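> Supplied in structure tokens, the structure appears directly below.
The values are calculated or read from the model by the stated rules, or taken from the named source; none is laboratory data. Model, not experiment: these values are computed from the prediction. Positions of Cβ are backbone-derived with ideal geometry, glycine not excepted, and every protein chain shown enters the neighbour counts.
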Amino acid sequence: MGDFLMPSLGADMDHGKVVEWLVKPGDYVRRGDLVAVVDTDKTTMDVESFQEGVVADLLVAIGQTVPVGTPLARIAQTPAETGHPAPEPTPSPEASPTPEPAPPTKEAPTNEAPMAPPVRHLAHQLGVDTAGIRGSGKNGAVTRADVEHARAARRGGRTRSSPRARGLAAELGVELAGISGTGPGGAVTESDVRRSAGSRQPAPSTPAEVKAPRQEAATAKPAAAGERVASLRRAVGTLMTRSKRTIPHYYLGTTVDLRASLDWMQSVNARRPVADRLVPSALLLKAAALAARDVPDVNGFYSAGAFRPSAAVHLGVAVALRHGGLVAPAIHDADTLTVDELMKKLRDLVGRARAGRLQRAEMADPTITVTNLGDLGVESVYGVIYPPQVALVGFGRVMEQPWAQDGLLGVRPAVVATLSADHRVSDGLRGGRYLARIDELLQQPEEL
Amino acid sequence: MTELEARKAVRAAIGKVAPDVDAEEINDGSRLRQDLELDSLDFLRLVEIIAHDCGLDIPEQDYPAVGTIKGLVGYLAAHG
């Protein structure tokens, strides 16, 4: 038996709100399966399970805000955890006091209804005997809902209900057992509770339409845009204040000739359909990641008075959100990705960051962050370090500049690369080496 | 493609890339980066959507010509 805890999704997070459960009691989860959607001040994130087992109970209702470390769900151990890997999800002990499901063979009773493999799988998972189920689907096929119904019926005493429905029932003083559920598997839903309580409100089907007595608890949608911007602003403010108060920043900048990189990129792009084209940011990010591997003093975490360099480069990318504010999720192992892979990840990450759907690991562990504000116009940007990281790299706008070389003056595309770094960990010489390395790497784009 | 069709396609594409941009805010003089705040990834997506919806692939060397709404509409009307 293990608990699924409210995770910390970054140095600045101390509480989070459960906005959606992606599992329900009885579901089998593997390590890495997405379990819940958590809303923080900054963004909404999918959170994965760190253990394998069957969800025994959801402990926190949707809409509830709890501190980091609070148990959110109980996950029961399965045989898989004790040694032998289970090829098939096993039914939870709680869910299977019944005989083995009928094997899907010809020996099965002739009255057995047709059933799709995923449904059979579900039945097996829930420990439901499929022989007795009367299908409600096409040609009498057994559907998922039928299986869930059968299971609910078997469990007898306990009324299936969603955490939100339970919360609302408690609030309105309604007895759950007396309500006939309309949800999946006959589960009592929030609207069933509302109807039973004699509320005049039409049963709303989407959370967005719900006007509940207690607003906070009933809103499954992330906070309204305005509220979100305000809380994001506060979160950014708190973190940046802490950064400036505790980290002795030093700043360096250098202008990097991008002619080689952009020539290369344009020749590559000319041969490609739009969907596969690169943008200069992809090259800049790759160079920043590779250089971080070569100069480890800028890549890692400073905490409890000591610097721990990181062997992996998880490149945080500052993403400006369209409604205001920013988040800086990570591209994992950016130094090992090809430029094309990095480009793909970048597009995916930025898209999800803006849609408010990031994953826990992406928010929690960048080892160095890059801000690419230049994309929207400024020539250079000296950023504020995200604690506990120790460096922030900035790229300005790519622009044509007069460029003197070998006694001749020409025009070249160039970008100002900057570094804000933690003086407790490195000094200007080391920081300068980092920027010089980025410059070198960008002169040989085909090697990136 | 007529100018009217081009205008419609451009509006639809911008609506997909930047749903928060108010249609009222968009006029011929709007610059995609400075005024509508599309970054290079947004711009790439815009080009991609236009390629998909209108069957017109805008090559990279023509990007400078389509930096404004007017430029983009004109380009589509001429090439699409």
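> Would you mind telling me which numbered condition in (1) more than 12 Å from the chain's Cα centre (by Cα); (2) surrounded by fewer than 19 Cβ atoms within 10 Å (Cβ to Cβ); (3) under 26 Å from residue A:284 (Cβ atoms) residue B:25 fails?
Status for residue B:25: all satisfied but (3).
> Would you check which residues across the stretch B:6-18 are within 16 Å of residue A:354 (Cβ to Cβ), more than 8 Å from chain A (Cβ to nearest Cβ) and not basic (Lys, Arg) and list them?
Matches in the stretch B:6-18: B:14, B:15, B:17.
> Within the stretch A:340-379, restricting attention to residues that are free of Cβ contacts under 8 Å to residues at least 24 places away in the same chain and among the acidic types (Asp, Glu), which residue is farthest from the other protein chains (Cβ to nearest Cβ)? Lay out the reasoning, then the answer.
So in the stretch A:340-379, the residues free of Cβ contacts under 8 Å to residues at least 24 places away in the same chain come out as A:341, A:344-345, A:347-348, A:351-352, A:355, A:377-378.
Then keep just the ones that are among the acidic types (Asp, Glu); that gives A:341, A:348.
Working: A:341: 15, A:348: 10 Å.
Among those that are free of Cβ contacts under 8 Å to residues at least 24 places away in the same chain and among the acidic types (Asp, Glu), it is A:341.
> Can you tell me which residue is surrounded by the most Cβ atoms within 10 Å (Cβ to Cβ) among those in the stretch A:298-310 that are modelled with pLDDT of 95 or more and assigned to a loop (DSSP other than H, G, I, E, B)?
A:299
> Output yes when any residue across the stretch A:25-45 is among the β-branched types (Val, Ile, Thr), assigned to a strand (DSSP E or B), under 15 Å from residue A:363 (Cα atoms) and at pLDDT 80 or above, and no when none is.
There is at least one residue in the stretch A:25-45 that is among the β-branched types (Val, Ile, Thr), assigned to a strand (DSSP E or B), under 15 Å from residue A:363 (Cα atoms) and at pLDDT 80 or above.
> For the structure I just gave you, tell me whether residue A:401 is under 13 Å from residue A:256 (Cα atoms) and at pLDDT 95 or above. Walk me through it before giving the result.
Numbers: under 13 Å from residue A:256 (Cα atoms): yes; at pLDDT 95 or above: no.
Considered against the rule, which asks whether it is under 13 Å from residue A:256 (Cα atoms) and at pLDDT 95 or above, residue A:401 comes out as no.
> Here's a follow-up. Which one of these is surrounded by fewer than 21 Cβ atoms within 10 Å (Cβ to Cβ), hydrophobic (A, V, I, L, M, F, W, C) and touching a Lys or Arg at 6+ places or on another chain (Cβ under 9 Å): A:376, A:358, A:409?
Being surrounded by fewer than 21 Cβ atoms within 10 Å (Cβ to Cβ), hydrophobic (A, V, I, L, M, F, W, C) and touching a Lys or Arg at 6+ places or on another chain (Cβ under 9 Å) holds for just one of A:376, A:358, A:409, which is A:376.
> What's the number of the condition residue A:347 fails, among (1) of a type in the set (Lys, Arg); (2) modelled with pLDDT of 95 or more; (3) under 25 Å from residue A:40 (Cβ atoms)?
(2)
> Being within 14 Å of chain B (Cβ to nearest Cβ) and either within 25 Å of the chain's Cα centre (by Cα) or closer than 25 Å to residue A:264 by Cα (or both) is the filter here, so list the residues in the stretch A:380-424 that pass it.
The answer is A:395, A:396, A:397, A:398, A:399, A:400, A:413, A:415.
> Sticking with this structure for a sec: Answer yes if at least one residue in the stretch A:314-322 is of a type in the set (A, V, I, L, M) and part of a loop (DSSP other than H, G, I, E, B), and no otherwise.
Looking through the stretch A:314-322, at least one residue is of a type in the set (A, V, I, L, M) and part of a loop (DSSP other than H, G, I, E, B).
> Which of the residues belonging to the stretch A:277-296 are of a type in the set (A, V, I, L, M, F, W, C) and part of a loop (DSSP other than H, G, I, E, B)?
A:278, A:279, A:295
> Collect the residues in the stretch B:37-47 that are facing chain A (nearest Cβ under 9 Å) and in a helix (DSSP H, G or I), keeping them in residue-number order.
Result: B:40, B:41, B:42, B:43, B:44, B:45, B:47.
This table checks each residue for (1) outside any helix (DSSP H, G or I); (2) facing another protein chain (nearest Cβ under 8 Å); (3) modelled with pLDDT of 90 or more.
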| residue | (1), (2), (3) |
| --- | --- |
| B:20 | yes, yes, no |
| B:24 | no, no, no |
| B:29 | yes, no, yes |
| B:35 | yes, no, no |
| B:49 | no, no, yes |
| B:53 | no, no, yes |
| B:65 | no, no, yes |
| B:72 | no, no, yes |
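> Same structure again: Residue under question is residue A:412, and the condition is that it be within 25 Å of residue A:273 (Cα to Cα), basic (Lys, Arg) and touching a helix residue (DSSP H, G or I) at 6+ places or on another chain (Cβ under 7 Å); does it hold?
No: the conditions fail for residue A:412.
> Would a scan of the stretch A:284-291 turn up a residue that is more than 17 Å from residue A:425 (Cβ to Cβ), within 14 Å of chain B (Cβ to nearest Cβ) and surrounded by 15 or more Cβ atoms within 10 Å (Cβ to Cβ)?
yes
> What is the number of the single condition among (1) within 11 Å of chain B (Cβ to nearest Cβ); (2) of a type outside the set (A, V, I, L, M); (3) under 25 Å from the mean Cα position of the chain (by Cα) that residue A:243 does not meet?
If we test residue A:243 against (1) within 11 Å of chain B (Cβ to nearest Cβ); (2) of a type outside the set (A, V, I, L, M); (3) under 25 Å from the mean Cα position of the chain (by Cα), just (1) comes out false.
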